[in-house]
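Structure, as structure tokens:
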Amino acid sequence: MKNTYKPGLLTRSLPWLLVLALMLSAEMARAQSDFMNLENNFGVRLEDAYATAYRNREAQTYVRYERDAKGRNTTLLVPAVEIGPFRNTQFSVAVPVRVGNGDRTGTGNIEVSGLYNFNTEGLYLPAVSLAAQADIPTGLASSGLDYTLRFAATKTITRMHPTRIHANVRYTRNAQPSTSREGNELITERAERWVGIVGISTRLAPQTLIVVDFIREQFRLAGAMGNSVELGFRRQMNPRLVMSLGGTAGLGEQAPSVRANVGLQQAF
Amino acid sequence: MNNNRFNKAGLASLLLGALTACAPGKQITSEPRKEVSYIRGPYNAAFFRRHGPSEAYSAGFHYHHGKEHDVLVLTPLADREKVDADFDASVFDFVKNQKSKVGPNMALYGPYTARLAWKLFRTIDWTHQHHEQTYDIMASQRVAWDKKKEWTDRAVKYYLERNKDVARSVAPLDITMRRAATMMKPYFTYYRNFYPKSNSQAWVAHWWHPAVYEAQMISGNADGGQEAAIKEVNRIMFDEVYKNRPQRMVLSRELMPRYSRMSPESANIFDNLHMLHGLAYDILSYEGWTEEQQREELYRVIDAMSYQPGDEKYARKFDIPYPDVDPRQYPGWMASSEGSMSKIMKEMMEEMMPMMMPDISPDMKEKVMAQFQMKMRPGMEPGEIEGSLHDALMKLMPGMTMMPGAMDAGKTPEMMREMMLKGWQEKHGNMPDVEPYSMQKDPSQPAINQ
């Protein structure tokens, strides 16, 4: 479906204004987060193998600006709630909203996901987790129940410093791939696609983590795939609030040329 | 390379290679993570907001607690003098310069021990979380003074129920130390004797924490009261306590008698955690065992000192030697090596002696007790036999009878344990419960006693 929507300045700025408002209210925040835990799309897309704590609950949001390979701009705002209903288990519900002149497919979908962590890492064994996500097609140009399976592994590689490597593999199944015309070109969605991410994170300062990763992925549209690298930071702003920042540079012609990401996780 | 083909096999190989690069093929172990979040209340994070610099000092102490595990397990005992001096300087710098505004969990500075003995860090982090709760309750002006106990009891209940396998006992240290029966283990006193500076950092921290609780207890909820009292506690920490560090672990009953009377359960949990710190450091600095044996012993001690149903009936079984103590002062008794902790140790020693040394002569008993006293103090003194308390006693009395399990990792010397618990029952079983503390009246801060 060709997207002809042209958002105004206020609409384009709204997600960033929301994040700014949350940051300004951070001093009054109460609850708990952990800057060492990597969460998908908070700073970077790399995630670690650990679930949020049992009985924890967090309000989360991130905003991501993306300039794609064709020079189109999209801003994504994702409010979410994450809870730990059982030990080593987390559930989250998110509703992504996209604005801009880029690909807005899926805006307004409801994303429900669960993650189970099997173990904490030992001296030699990495921590591993499996996660599943269902995208309920309530949003723009969406049909069919898509799902994603995610595997994550985390292993500390240094002795007296918390430097950890992480590996993620993701498989997404598109229940009803669509075909559309863009100019003279027929565009078809993939029925299934894979993403692989490897990265490293370490404590940069007592309250700050740095993470770098490499992504190789198949994109939504058939025939498109590419690589990108990400750099992110996560900071414990107070005992209950984590803020994350990140940037992505695409490698090659098909990957998004640039992405920037700001996220907040506020326990309540 | 075809850009449109996703090389799944290649990716899988890459991931597997990265994950196994650091695995030398040894026997591997892993545990469930089982993290539990804190209980929500109107007071959450009140201490951080009201007493920010103190939160930063506490973060510095927790830096000590976390990192010390890795320092001890990963550096050779032979390098102890330099390791001890360097770590002491590092901790002081972290505390004094408020390097972190929020308290770290143990794994942040002890990543190796987190992988070696995760249950130890679960235990410590869970108990630190409980104490964050109780500091917050005391700091929060949203919790009326006469509701402080009610909220504290709620936090204790949550602490005991939600993480049962790692919750510390609400029974006093007099009982839990006897249950753990560690005194004749080959590691006991290693940390205090071989790493006296780092050990005294822990004892400064274990002075500061109860001093802050008690500063809250004498100050009440009103604006400015707690701020002024805790500021004074922090001042004497740097002006007096660091310059003349405590020579023993100060117990809650000594330095926070009002709080201990208000919530003996929380106060005992506090002491039991602090003793666990010392025992863990003893075990990790002992080089006679493998890491697997160290883990076995750590887990045995954690279990032995954990909460057991019925412990509530012992919660108020302790004395209050200084009921009117002012936490804004640092008198000689706080720095002394003699106090409630050394009294507990001496009682246990005397309970064990008839079993280990049935025919001991008065002269030898004097020598044994002299060594015992020196071993309880940090560092090495002239005439003190190097090593653990066990090493010193064996040198004095090579024929000393050792109980089954006394020397083994992960084993409890049951006869010794029973003998000591019987000893406590005979001495203290009938002691009256310590009096509750009235929270009906919000106190005004008294002037510092002259």
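The values are calculated or read from the model by the stated rules, or taken from the named source; none is laboratory data. Here the structure is a predicted model, which is why all the values come from computation and not from measurement. Cβ atoms come from the backbone with ideal geometry, glycine included; neighbour counts cover every protein chain shown.
Going by the conditions given, is B:Met369 surrounded by fewer than 16 Cβ atoms within 10 Å (Cβ to Cβ) and in contact with a His (Cβ under 9 Å, 6 or more places away or on another chain)? The answer is no for B:Met369. Of everything in the stretch B:97-119 that is among the aliphatic types (A, V, I, L, M) and more than 14 Å from B:Glu35 (Cβ to Cβ), the residue that is farthest from the other protein chains (Cβ to nearest Cβ) is B:Ala117. Looking across the stretch B:35-57 at every residue that is part of a loop (DSSP other than H, G, I, E, B) and free of Cβ contacts under 8 Å to residues at least 60 places away in the same chain, the one that is surrounded by the most Cβ atoms within 10 Å (Cβ to Cβ) is identified as B:Ser37.
Put simply, of A:Ala69, A:Ala131 the only residue that is within 21 Å of the chain's Cα centre (by Cα), modelled with pLDDT of 95 or more and either surrounded by 21 or more Cβ atoms within 10 Å (Cβ to Cβ) or of a type in the set (Gly, Ala, Ser) (or both) is A:Ala131. Within the stretch A:242-266, being in a strand (DSSP E or B), within 14 Å of chain B (Cβ to nearest Cβ) and within 18 Å of the chain's Cα centre (by Cα) holds for A:Val242, A:Met243, A:Gly250, A:Gln265, A:Gln266. Listed by first and then second residue, the pairs with beta-carbon distance under 8 Å, at least 6 apart or on different chains, first residue in the stretch A:122-149 and within 14 Å of chain B (Cβ to nearest Cβ) and more than 30 Å from B:Tyr112 (Cα to Cα), second part of a strand (DSSP E or B) and of a type in the set (Gly, Ala, Ser), are A:Leu149/A:Ala131; A:Leu149/A:Ala132. Does the stretch A:193-217 hold any residues that are of a type in the set (Asp, Glu) and within 10 Å of chain B (Cβ to nearest Cβ), and which are they? Listed by number, the list holds a single entry, A:Glu217.
Exactly one residue out of A:Gly144, A:Gly114 is of a type in the set (Gly, Ala, Ser) and in contact with a strand residue (DSSP E or B) (Cβ under 7 Å, 6 or more places away or on another chain): that is A:Gly114. Could you tell me whether A:Thr188 is within 14 Å of another protein chain (Cβ to nearest Cβ) and farther than 21 Å from A:Asn40 by Cβ? Taking the combined requirement at face value, the residue satisfies it.
Restricting attention to the stretch A:152-185, the residues that are out of contact with any Pro (no Cβ under 9 Å at 6 or more places or on another chain), aliphatic (A, V, I, L, M) and facing chain B (nearest Cβ under 10 Å) total 2. When we screen B:Phe188, B:Phe94 for residues that are of a type outside the set (Asp, Glu), under 29 Å from B:Ser285 (Cβ atoms), touching a Pro at 6+ places or on another chain (Cβ under 9 Å) and at pLDDT 95 or above, the only hit is B:Phe94. Could you go through the stretch B:274-294 and let me know if any residue there is surrounded by fewer than 22 Cβ atoms within 10 Å (Cβ to Cβ), in contact (Cβ under 8 Å) with a residue 60 or more places away in the chain and under 12 Å from B:Leu173 (Cα atoms). Within the stretch B:274-294, none of the residues are surrounded by fewer than 22 Cβ atoms within 10 Å (Cβ to Cβ), in contact (Cβ under 8 Å) with a residue 60 or more places away in the chain and under 12 Å from B:Leu173 (Cα atoms). The set of residues in the stretch A:229-241 that are within 14 Å of chain B (Cβ to nearest Cβ) and surrounded by 22 or more Cβ atoms within 10 Å (Cβ to Cβ) comprises A:Arg234, A:Gln236, A:Asn238, A:Pro239, A:Arg240, A:Leu241.
Within the stretch A:119-164, the set of residues being closer than 21 Å to A:Ala53 by Cα and touching a helix residue (DSSP H, G or I) at 6+ places or on another chain (Cβ under 7 Å) comprises A:Thr120, A:Glu121, A:Gly122, A:Pro126, A:Ala153, A:Lys155, A:Thr156, A:Pro162.
On the stretch given as the stretch A:184-233, residues that are of a type in the set (Gly, Ala, Ser) and touching a helix residue (DSSP H, G or I) at 6+ places or on another chain (Cβ under 7 Å) total 1. Here's a check for you: in the stretch A:209-235, which residue that is over 27 Å from A:Arg173 (Cα atoms) and either charged (D, E, K, R) or assigned to a loop (DSSP other than H, G, I, E, B) (or both) is nearest to the chain's Cα centre (by Cα)? Here the residue is A:Arg234. Total residues in the stretch B:78-94 satisfying the condition of being surrounded by 18 or more Cβ atoms within 10 Å (Cβ to Cβ) and in contact (Cβ under 8 Å) with a residue 60 or more places away in the chain: the figure is 6. Among the residues of the stretch B:217-241, those that are of a type outside the set (Gly, Ala, Ser) and touching a Gly at 6+ places or on another chain (Cβ under 9 Å) comprise B:Ile218, B:Gln226. One residue is enough: does the stretch A:57-79 have a residue meeting the conditions in contact (Cβ under 8 Å) with a residue 40 or more places away in the chain, within 11 Å of another protein chain (Cβ to nearest Cβ) and assigned to a strand (DSSP E or B)? Yes, because at least one residue in the stretch A:57-79 is in contact (Cβ under 8 Å) with a residue 40 or more places away in the chain, within 11 Å of another protein chain (Cβ to nearest Cβ) and assigned to a strand (DSSP E or B).
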